[in-house]
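Below you'll find the structure, written out as structure tokens, and then a few comments.
The values are calculated or read from the model by the stated rules, or taken from the named source; none is laboratory data. All values reported here derive from a predicted model rather than from experimental measurement. No Cβ is skipped: glycine too gets one built from the backbone with ideal geometry, and neighbour counts run over all protein chains shown. Side chains included, ligands, DNA and RNA excluded: accessible areas come from the protein's heavy atoms. Shrake-Rupley method; radii C 1.70, N 1.55, O 1.52, S 1.80 Å.
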Amino acid sequence: MIKLFLFVLLVNGFVLAQSVSLSGRVVDSLTAEPLINVNILVEGKNYGTASNSEGKFRINNLQKGSTTVRFSYVGYKTKFIHLSLLSDTTITVGLAQKAILFQESLVKGKYASIRETPVAFTNIDSKKIQRNLGARFLTDIIRSVPNVFVSEQGGGFADSRLSIRGFDQTSIAVMINGIPINNPENGEIYWSNWGDLSDVVQSIQVQRGLSATPYSVSSIGGVVNIISKSGLASDNFVKIKSVISSDNYKKFLFTFTTPISDNLKLTGMVSRITSNGYADQTWLDAYSYYFSLGWTLKNNLIEIQIMGSPQKHGQRMTPLTMDTWKLRGKRFNSDWGYLNGQPLNLRDNEFHKPSITLNHVWQKNKNFVLSNSLYLSYGYGGGTVPPWSEFSRTEDGLIDFDKEWEFNSNNIDSTYSTELTRSDKALRFTKHIHTWIAFLSSANYKLNNSINLTFGLDGKYYSAENYSTLGNLLGGDYYIGSGNVNQDPDKLLYVGDKVDYDADSYARSLGVFFQAEHNKDALNAYVNLAFAVTGYNRIDHFNYKYSDPKRETGWKQFPTYTIKAGINYNFNDYNNAYFNIGNYSKAPLSMNVYSYTNEPYADVKNEKVISAELGYGYNSEKMYFRLNTFITWWKDKAFNFAYYDPNSFQAYKFNIYGAKALHRGIEGEGKYHFNKNISLDGMLSVSINNWLNDVTGYGHLEALPGVDIPVNAKIGGLYVGGFPMLKMNLGVDFTKQIFKGLIFYFNPKILFNGLHYPHLNISGRNDDSVDLAQPSKIPNYYLINLHLGFDCKVAESFIKNITLGMNIYNLLNKDYMIDAYESISGTPETTTVWLARDRWMDVSLMLGF
């Protein structure tokens, strides 16, 4: 018996010596959030395990050699991992929701994957958005991404400005579910059109640089891809949420996901926000809605998404000098005044852009998937704007509307009427109405186990009516001077009549793309080719007679291309490196093609970009770290801007082209988990962005549109400006289970911005008498934001979970500049700036049913 016992021990010891362990973490493939209780089974065996509350798992006593492990979870696609186990191994497994197959195929190549896609990117999941965003607008959540800058500017609702790597948002592609939403004419993003959609955002991914997007988009600086919750979401829920914040901010939201049948689900959200605004007269009244209906039918997935945000808000659009801010205070807004005792905005905005997106995915077999998206939008609205001439001001610095009212209401001009009073100055209400159609069709073919091919078409058509009307006659009965050459110049004009301009604009593009991907063992690589043609047309109803052929510019076409490639190599289970390079030809914006009077600009050409990037990554259970360096050459950059000289009361238009710039830098980010309760995350980015040459072009007076004024802007060697080239962020994430079902979280964050130079005034650098040195740097600053709250899950109750959150922004109440604009004289005293908001906070309560 003793001999037998010793023999068993010997054999067992030998077997254990030949065994290894497999451990790791299971996460959602899109959001990277951990998945709990995933069923993990070793194929051909009768044992396995399940992931814990952090998505982690461990299987011991596996035999060395080849093995297959099966990962299955309700609502997700089952995944089989084939491994060659020679030692203890740790892996991270991403499972894809069955409900978001359309996102995988539609967003394939746009949504990058860790240790696979060779680009620099950062993921932000819905959990972070819900805990940290609070009463801020959605763009604020990406402030902690390396080399990303968000400016609130004047502080009006969603009047934000986004930059990545020093490139403004006309050179950044912003997408919702893979569909670009940059305005096709000018490349801008009007964030208020998307209102309060943060509660239906599943994740946000920021890809920096030319990105891995397969089709042609303006991704010089990068791509921001916002993924909304699908109508095919796996969980059913009903939630109500209330948020209150400083300056009488109030928000109420209702959201849900509910099954209609076994293969049909509906996700919806409606909300309303009202606020007085931080700055004077930056009030807000906004509604938002989102509905997503998902349907599965055999090997087809269909989803219809409807969203919109009708809103009205007061604006603060005029930055001021530091002397003025010191005199008037941070909340001062020079864009309003009192009329008969009631506040009246010089600038406000109201707009509604309802959109509908139809997504369809057909999976013919395991090797071929066809994806189609059709996007339709009809936007309408506008806003109050001032006339060409300045108003008088009161001693408080506000617009003296009462003085204008007194003059207009007593101004009898017998040339036009002996009874009615003539308005000398009147507020305008600009109108913008557009129709926007876009489509994206792509096919993905798995050639073999290592090669995937993607090819397709994308296109859009955009038409817009742009005109100005009389909005408020300020005491007068009529106005003279529409500017319409087809109209009697002495015609009496009333509220609602068109003045100043009336033009229709059109933009269209059509492209093809092809991408080949190689994914085998430790090597991942891709090559992408995309070609497109972008065109613009404009019809002017004011400056030309109806019979004049010059009233229409005719279509001007610009062929573009993108060529890019990248490679990623995984050295082992933890370390990887990647490299990408690309060449991009970008069509000019419409404003750089035609003047506001339909005159074509000379020598219009595409902007050209060459970019390269080298990166390294480390990923383990306890930490991740990513480091990359980049360089981007930008050639034939064009400028088009308006300038109003308050001294001469003259308005200028400028079109300047041929600028060259060089952007280069280093970016790093990481996170370390000390234990299951505490983690530390941070990022650092340093970049140097310079103009390489002086640029030439032409300007002209509004009053003399046909007379060119030569401009030779001396900007060579100067910093690009408008962007902090040094950014640091450090955050602590502390989570503690107080008792079963109740979790407390505490998340302080420190953000530092430095090396931030003002936006250059290109027109002011045409005069040799002006100091052409680099403008003075904005002072470096740091701020601390604090996020904390409780998550409570209630067992066997009508209310399933309760979340109470609090956010305090600018905790130390720091004074700092967030943006600066060089004046035409170039002196520090005349530089205009935006100042940051004082300390403020919000509190939210969410109930789940």
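Straight-line reach only, C-alpha to C-alpha below 21 angstrom: list the lysines that Lys79 could link to, leaving out same-chain residues fewer than 8 apart. Within the straight-line cut-off, Lys79 pairs with Lys45, Lys56, Lys98, Lys108, Lys298, Lys364, Lys366, Lys446, Lys520.
For region 725-734, the Karplus equation 6.51 cos²θ - 1.76 cosθ + 1.60, evaluated at θ = phi - 60°, returns couplings of 7, 10, 9, 9, 8, 9, x, 10, 10, 10 Hz by residue, with Gly and Pro reported as x. In order along region 654-661, the phi-based Karplus estimate (6.51 cos²θ - 1.76 cosθ + 1.60, θ = phi - 60°) of 3J(HN,Hα) comes to 10, 10, 10, 9, x, 6, 10, 9 Hz; Gly and Pro are listed as x.
Per the Debye formula on identical point scatterers at the alpha carbon atoms of region 280-394, with no solvent, log10 I(q)/I(0) at q = 0.13, 0.19, 0.20, 0.22 Å⁻¹ is -0.70, -1.04, -1.10, -1.20. Distant-in-sequence amide contacts of Ile91, defined by a placed amide H-H separation under 5 Å and a gap of 5 or more residues or a different chain, comprise Ser23, Gly24, Arg25. Per the Kirkwood formula applied to alpha carbons, region 403-454 shows a radius of gyration over Rh ratio, Rg over Rh, of 1.79.
What dipole magnitude, in Debye to the nearest 20, does the chain give about its Cα centre under +1 on Lys/Arg Cβ and -1 on Asp/Glu Cβ? It would help to have the intermediate numbers written out before the result.
On the way: 81 positive and 76 negative charges, 888 e Å.
Roughly 4260 debye for the chain.
Scattering from region 133-228 was approximated by placing one identical point on each alpha carbon and applying the Debye formula without solvent; log10 I(q)/I(0) at 0.14, 0.21 1/Å stands at -0.45, -1.11. Computed 3J(HN,Hα) for region 481-488, one whole-Hz value per residue from the Karplus formula 6.51 cos²θ - 1.76 cosθ + 1.60 where θ = phi - 60°, is x, 7, x, 8, 6, 8, 10, 4, glycine and proline marked x. With the whole protein complex present, His360 retains an accessible surface near 60 Å², based on a 1.4 Å probe. Among the trypsin sites (Lys or Arg not before Pro) within region 281-353, those in coil by DSSP and having at most 12 neighbouring Cβ atoms inside 10 Å are Lys298. Size descriptor for region 181-223, Kirkwood hydrodynamic radius: 12.2 Å (Cα pairs only, one decimal). At the listed q of 0.13, 0.14, 0.19, 0.21 Å⁻¹, the Debye profile of region 362-475, built from one uniform point per Cα, gives log10 I(q)/I(0) equal to -0.72, -0.77, -1.01, -1.09.
For region 525-591, the list of trypsin sites (Lys or Arg not before Pro) that fall in a loop by DSSP and count at most 15 other C-beta atoms within 10 angstrom reads Lys545. Among the chymotrypsin sites (Phe, Trp or Tyr not before Pro) within region 722-814, those in coil by DSSP and having at most 13 neighbouring Cβ atoms inside 10 Å are Phe798.
Placing unit charges on each Cβ (+1 for Lys and Arg, -1 for Asp and Glu) gives the chain a dipole about its Cα centre, and among Ala820, Ser763, Asn372 the Cα reaching farthest toward its positive end belongs to Asn372.
The packing ranking, built from the mean of other Cβ atoms within 10 Å per residue, places the peptides 471-478, 253-260 in the order 471-478, 253-260, highest first. Around the amide H of Ser113, modelled in the peptide plane, lies no amide H under 5 Å away from a residue 5 or more places distant or on another chain. Around the amide H of Gly178, modelled in the peptide plane, lie the amide H atoms of Ile226, all under 5 Å away and 5 or more residues distant in sequence or on another chain. Compared with the dominant principal axis of the Cα atoms in the chain, helix 2-17 is inclined by about 20°.
Toward the positive end of the charge dipole of the chain, with +1 on the Cβ of Lys and Arg and -1 on the Cβ of Asp and Glu, the farthest Cα among Ser441, Asn333, Gly511 is that of Ser441. What the Cβ-Cβ distance of Met841 and Asp548 gives, at R0 = 60 Å and to the nearest 0.05, is a FRET efficiency of 0.55. Given a 1.4 Å probe and every protein chain left where it sits, what share in percent of the accessible area of the chain is carbon and sulfur? After summing per-atom areas, the C and S share lands at 58 percent. Please enumerate, by chain and number, the aspartates and glutamates with C-alpha under 12 Å from the C-alpha of Lys127, excluding those fewer than 8 residues away in the same chain. Once the sequence-local aspartates and glutamates are set aside, what remains near Lys127 is Glu33, Asp199, Asp791. A cut-off under 12 angstrom between Cβ atoms defines the neighbours of Leu374, and their net charge, with Lys, Arg +1 and Asp, Glu -1, is -1.
Look at where the Cα atoms of region 409-473 and of region 548-617 average out, and the two centres are 24 Å apart.
Give Lys460/Lys550; Lys265/Lys727; Lys77/Lys727 a once-over and call out the pairs whose C-alpha atoms are over 32 Å from each other.
Details: Lys460/Lys550 26 Å; Lys265/Lys727 43 Å; Lys77/Lys727 39 Å.
Exceeds cut-off: Lys265/Lys727; Lys77/Lys727.
In this structure the chain gives 43 Å² per residue of accessible area when probed at 1.4 Å with all protein chains present. Each 10 Å bin from 0 upward holds the following percent of the Cα-Cα pairs of region 511-656: 10, 24, 23, 18, 13, 9, 3, 0. Rounded to the nearest 20 debye, the dipole magnitude of region 495-534 is 280 debye, with +1 charges on Lys and Arg beta carbons, -1 on Asp and Glu beta carbons, and the Cα centre as origin. In the set (1) 35; (2) 14; (3) 28, which value of percent of Cα pairs over 56 Å apart was calculated from the structure you see? The calculated read-out lines up with (2). Projecting the Cα atoms of Asn807, Asn753, Phe849 onto the charge dipole of region 737-849, computed from C-beta unit charges around the Cα centre, puts Phe849 farthest toward the positive end.
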